[in-house]
Structures are given as C-alpha cells and as structure tokens.
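The values are calculated or read from the model by the stated rules, or taken from the named source; none is laboratory data. Keep in mind it's a predicted model, so treat the numbers as computed, not measured. Cβ placement follows ideal geometry from the backbone for every residue including glycine, while neighbour counts extend to all protein chains displayed. These area figures cover heavy atoms from the full protein model, side chains too; ligands, DNA and RNA do not enter into them. Shrake-Rupley method; radii C 1.70, N 1.55, O 1.52, S 1.80 Å.
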Amino acid sequence: GAVVSQHPSRVICKSGTSVKIECRSLDFQATTMFWYRQFPKQSLMLMATSNEGSKATYEQGVEKDKFLINHASLTLSTLTVTSAHPEDSSFYICSAIGVTSGVTYEQYFGPGTRLTVT
Amino acid sequence: GENVEQHPSTLSVQEGDSAVIKCTYSDSASNYFPWYKQELGKGPQLIIDIRSNVGEKKDQRIAVTLNKTAKHFSLHITETQPEDSAVYFCAASLLNQAGTALIFGKGTTLSVSS
C-alpha cells in the first residue's frame, strides 16, 4: 500500500529557532498534501493544504509567515516552523492524496512529528 | 464548510461486547467517510472507510454504515478485544484529485477491559 513518511519523528528545539519537517510520499505521486496539528487529547486540526508548484492554502487562524509550507515536488512537502515558541509544541501530521488502482483516490497519513520547543 | 460531530467522547466496554461510535456531518457534498484508530504517540491509522455510493461496509469485526439522507455514519466493532483500546476518529471529505482535507470529529476514547 501507499506509504507516507515524515522526518524527523521527534524534534526538540530552543525557543526562537526554526524547525523543518519533511513529508514524503514514498511510492506514489501526490499533487495535494495536507498538514494537521494535534494537541494532546484533541482531534486533528487542519493547518494548510499544500499543492505542488503553488502556494499553500492556510486555514483561518494559521499564520502563514510562521508556518512555511513548500511543496516543491510531487513527493515532498515541507513545513517549517519559524521562530518557534513553547506554544508551538505539538504533534504535526501530514497526509497525501494518491491514486490506487488507477482510479480511486485515497488519503494516506504520515506517522507524525512530535515537536517540543523549550 | 464541513463540520463533523462525533459521539460519545469516551466509551468503556467489556471484552467481547460490541462498541458503536456515531458521527454526523454537515456538507452534503462530502463523499468519503473514513475511520481512523490512533494509538498514543502515533499517527492515525485507517481502519475502514466508506464512500457515498455504498450504505454499509464490513471488514471482519469492523463495520461502517452510512445514511446519506440523515448525514450520519457509524462505526461498529464486534467482539471487542483489549487491543482495540485506542482513540477513534471519524472524518469526512470530498475526495478527488484536487481533494479537500479531511475534517475530523473530536474523537472517541475506547477502553476495552478484560
């Protein structure tokens, strides 16, 4: 089946620094990827939609200058948390839309990245 | 936009009993309704999904039903086992190449005691 990877799985950074998280579709091409954020014991909240070759679409309340998204290829999207603060500590999960059996679109999730800002 | 409501927020059952989780959605254009199981510290894992052209789907102990008219869908787990204990999320979206993101319910924490 289709696989989506994320790197790193865990990262600890100091307040004020920037962190880049990668999301890769390993065996399929994904024109659309999504970034979600999940706080402890809460649901997944959509942050932005990432389309290959174009600017990401951010959800209301998500600062595009703080959460930089780049979807430079059909298999890679990156999320950069700039000037991180402790309140940015969260579980970040990406997903990608791919085609199975040549017809059916499916959405596949990565394993998530745990970001801790100290 | 789409809004997904999920109930109950917590569910405790005895091993061997059945568990039912219900969700409602608001956007009649949504055509894809997956269910995810999430264990602590891990990403969500798709356990079953249903598309709007189908009313019911079953996979071993897990089944999902969809009522498009009422805009609700349900997850049924039979013969529950302790390893079924996890957080379950329902979601809804319009799934095509461009794709809208999944909108998730708030989750149900299922506890199966032996």
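Structure data summary
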{"quantity": "Restricting the stretch B:18-32 to residues that are of a type in the set (A, V, I, L, M, F, W, C) and part of a strand (DSSP E or B), the residue that is most open to solvent (accessible area, probe 1.4 Å)", "calculated": "B:20"}
{"quantity": "Hits in the stretch A:47-57 - residues which are part of a strand (DSSP E or B) and surrounded by fewer than 19 Cβ atoms within 10 Å (Cβ to Cβ)", "calculated": "A:51, A:57"}
{"quantity": "Odd one out for residue A:55, checked against (1) touching a residue at least 60 places away in the same chain (Cβ under 8 Å); (2) more than 18 Å from residue B:43 (Cβ to Cβ); (3) of a type outside the set (Val, Ile, Thr)", "calculated": "(1)"}
{"quantity": "Filter pass, residue A:37 being assigned to a strand (DSSP E or B) and under 17 Å from residue A:87 (Cα atoms)", "calculated": "yes"}
{"quantity": "Condition met for residue A:59 (in contact with a Ser or Thr (Cβ under 8 Å, 6 or more places away or on another chain) and within 30 Å of residue B:51 (Cβ to Cβ))", "calculated": "no"}
{"quantity": "Where residue A:40 falls short, out of the listed (1) at pLDDT 90 or above; (2) over 14 Å from the mean Cα position of the chain (by Cα); (3) surrounded by fewer than 18 Cβ atoms within 10 Å (Cβ to Cβ)", "calculated": "(1)"}
{"quantity": "Cβ-Cβ under 7 Å pairs, at least 6 apart or on other chains, the stretch B:23-50 side over 30 Å from residue A:89 (Cα atoms), far side open to solvent by less than 10 Å² (accessible area, probe 1.4 Å) and of a type in the set (Ser, Thr, Tyr)", "calculated": "B:30/B:93; B:32/B:93; B:49/B:32"}
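Each row is one residue, and each column tells you yes or no for (1) in a loop (DSSP other than H, G, I, E, B); (2) within 12 Å of chain A (Cβ to nearest Cβ); (3) open to solvent by 40 Å² or more (accessible area, probe 1.4 Å); (4) closer than 16 Å to residue A:107 by Cβ.
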residue: B:16; (1), (2), (3), (4): yes, no, yes, no
residue: B:34; (1), (2), (3), (4): no, yes, no, yes
residue: B:40; (1), (2), (3), (4): yes, yes, yes, no
residue: B:48; (1), (2), (3), (4): no, no, no, yes
residue: B:58; (1), (2), (3), (4): no, no, yes, no
residue: B:80; (1), (2), (3), (4): yes, no, no, no
residue: B:111; (1), (2), (3), (4): no, no, yes, no
